[in-house]
Amino acid sequence: GRESRPKFLFQWDVWVTCISDRGSDELSLYSSSSSALSSITDGSNGSDSKKLRVEEAPPSRVLHIRKLPNEASETEVIALGLPFGKVTNILTLKGKNQAFLEMGTEETAVTMVNYYTTVTPHIRNVPVFIQYSNHKELKTDSGNQRTQAVLQAVSAVQSGGSPSSDVQEALAAASSPVLRIIIDNMFYPVTLDVLQQIFSKFGTVMKIITFTKNNQFQALLQFSEPVNAQQAKLALDGQNIYNSCCTLRIDFSKLVNLNVKYNNDKSRDYTRPELPAGDGQPNLESSINAFNKDSGSLLGKIPGALNPLSAAAAAAAAAGRVALSGQNGSSGVLLVSNLNEEMVTPQSLFTLFGVYGDVQRVKILYNKKDSALIQMSDGNQAQLAMSHLNGQKMNGKIVRVTLSKHQTVALPRDGLDDQGLTKDFNNSPLHRFKKPGSKNFQNIFPPSATLHLSNVPQDVTEEDLRLLFSNAGGTVKAFKFFQDRKMALIQMTTVEEAIQALIDLHNYNMGGSQHLRVSFSKSTI
């Protein structure tokens, strides 16, 4: 945990500037004689000594990032925070290999720190260290146009919109939905299907063409929208598909549309499954079947591999430069403690933890009913659930989630009544991630007060849904239907209320065999 992280020394005689491509683009400039220094650095009394040991700070939406590589850009630092929510400010300490990142809320900062205590973040293959800052907000020179432009551009891409014209340059955003991908250090094979799994996290992948040029494996990949290509490039450029190898180098292509003639293991048009395979090439169906059969070995056993859900973990919970190092050998079983034993059931834990993976079994401990073992499909799903749910409030208690030493959750022996404390969900139809390429892979977000509703029947009104969610024991603050009225956003007063509403109302029968789908949203109303 954070307690074991090394304390660090902070020198006062620092020049605080913004790392950027142009040295003159300064975010802010302070010297040791400036009174403004104390509003930026983590400490308030510089007279005691040249160096000051800074104690671990309480949670704050401002995070202190250390040991950055010399060439790190602000965009790469911002990318560490992007998956968790809005990034509102950044300050880099030139020459000190440090930065301050301000998140939109303390809640998103806590989720980010929780995640990075289990998975070490990397920028350009260099591990970096993140902890809370002593300051509650980052006071910087807001007049710096370049930094503000980068933040606006990133924010626009993150929220699914197009960056405005004045921030296009800052993001180097192209209008093309096509990316050119080069794989460096390709020690393991990278297939078309691997690329599709990783990039589909960022939007609908329409077409892929792979080829070898100058003895390097390359690919052209077309999204349905340019904004998806921008988001994927921002998050994945420079990331390793496997630990320490198969590095993605991503640029925008000059092409705006790919012409795919054959569906085989070299090219694929996902919008036209009827295309022929071409001479001597396996057809689409046999290629997919072979991939599904082999993907467990290829993407599961290579350390740090981005298999479908660890790709989601890396991209949804650590966009940019995170290697899932050492996690593949870990257990898929979680130990959850400090539960409200009067309220908790195997079904409620299945529903909540099922947001982050496919729960196989749940066992509430017979002699300690405020604790439970939860078996996920694999170690990556367990990591993802732990990073998002540890420290969240459920039924009035702050829940603790850790990896268990158990490899599986045992079912009670035949004929033994364990009072319904153990349940096998292996064949549940409610698993969100069973279907390869499911859109659910793209919608994994931390718990939030805003819930995303889908599969809403046409005759159900806003009043109906407000009443339904109010009856779950919370207060509805805001509501918004999507244009087609099949989906909606509903905002509860607290994250705890939203968690309870999701547990109670996911898969709720709305009549006529239509079941409501509920998940956490990255949006606010």
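The values are calculated or read from the model by the stated rules, or taken from the named source; none is laboratory data. It should be emphasised that the depicted structure is a prediction, and the values quoted were computed from it without experimental measurement. Please note: Cβ atoms are built from the backbone with ideal geometry, for glycine as well, and neighbour counts cover all protein chains shown. For accessibility, only protein heavy atoms count, side chains too; no ligands or nucleic acids. Shrake-Rupley method; radii C 1.70, N 1.55, O 1.52, S 1.80 Å.
Evaluate the following for Leu349: is it open to solvent by less than 70 Å² (accessible area, probe 1.4 Å) and assigned to a helix (DSSP H, G or I)?
yes
Please determine whether any residue of the stretch 390-402 is under 19 Å from Phe84 (Cα atoms), surrounded by 20 or more Cβ atoms within 10 Å (Cβ to Cβ) and not polar (S, T, N, Q).
Yes, there is a match, as at least one residue in the stretch 390-402 is under 19 Å from Phe84 (Cα atoms), surrounded by 20 or more Cβ atoms within 10 Å (Cβ to Cβ) and not polar (S, T, N, Q).
Confirm whether Ser371 is more than 18 Å from Gln500 (Cβ to Cβ) and either surrounded by fewer than 20 Cβ atoms within 10 Å (Cβ to Cβ) or of a type in the set (Val, Ile, Thr) (or both).
yes
Just need a number here: residues in the stretch 429-451 that are in contact with a Phe, Trp or Tyr (Cβ under 7 Å, 6 or more places away or on another chain) and outside any loop (DSSP other than H, G, I, E, B).
3
Can you name the number of the only condition in (1) modelled with pLDDT under 50; (2) hydroxyl-bearing (Ser, Thr, Tyr); (3) crowded, with 17+ Cβ neighbours inside 10 Å that Ser325 fails?
(3)
What number of residues in the stretch 454-499 are outside any loop (DSSP other than H, G, I, E, B) and not small (Gly, Ala, Ser)?
Of the residues in the stretch 454-499, 21 are outside any loop (DSSP other than H, G, I, E, B) and not small (Gly, Ala, Ser).
Only one residue in Leu489, Leu421 is at pLDDT 90 or above and more than 29 Å from Gly332 (Cα to Cα), so which one is that?
Step by step, each of Leu489, Leu421 is checked, and only Leu489 is at pLDDT 90 or above and more than 29 Å from Gly332 (Cα to Cα).
Among the residues of the stretch 236-267, what is the count of those that are in contact with a helix residue (DSSP H, G or I) (Cβ under 6 Å, 6 or more places away or on another chain) and open to solvent by less than 10 Å² (accessible area, probe 1.4 Å)?
Selection size over the stretch 236-267: 3.
Restricting to strands (runs of 3 or more DSSP E) lying wholly in the stretch 24-143: which have 1 or more residues that are more than 25 Å from the chain's Cα centre (by Cα), modelled with pLDDT under 90 and not aliphatic (A, V, I, L, M)?
Result: 51-54.
Please state which one of Val344, Val359, Val355, Val409 is assigned to a loop (DSSP other than H, G, I, E, B), open to solvent by less than 30 Å² (accessible area, probe 1.4 Å), under 30 Å from Leu192 (Cβ atoms) and in contact (Cβ under 8 Å) with a residue 12 or more places away in the chain.
After ruling out the rest, the residue left standing is Val355.
Please list, ordered by residue number, the strands (runs of 3 or more DSSP E) wholly in the stretch 207-269 having 2 or more residues that are within 22 Å of the chain's Cα centre (by Cα) and touching a residue at least 60 places away in the same chain (Cβ under 8 Å).
Passing ranges, in order: 240-242, 245-252.
Going by what's in this entry, would Gln383 be described as more than 29 Å from Val113 (Cα to Cα) and not small (Gly, Ala, Ser)?
No: the conditions fail for Gln383.
Being out of contact with any Lys or Arg (no Cβ under 8 Å at 6 or more places or on another chain) and among the basic types (Lys, Arg) is the filter here, so list the residues in the stretch 60-98 that pass it.
Listed by number, the residues that qualify are Arg66, Lys67, Lys86, Lys94, Lys96.
Suppose we keep only residues that are open to solvent by 50 Å² or more (accessible area, probe 1.4 Å) and in contact with a strand residue (DSSP E or B) (Cβ under 8 Å, 6 or more places away or on another chain) within the stretch 471-493. Which one would you say is nearest to Lys397 (Cα to Cα)?
It comes out as Thr493.
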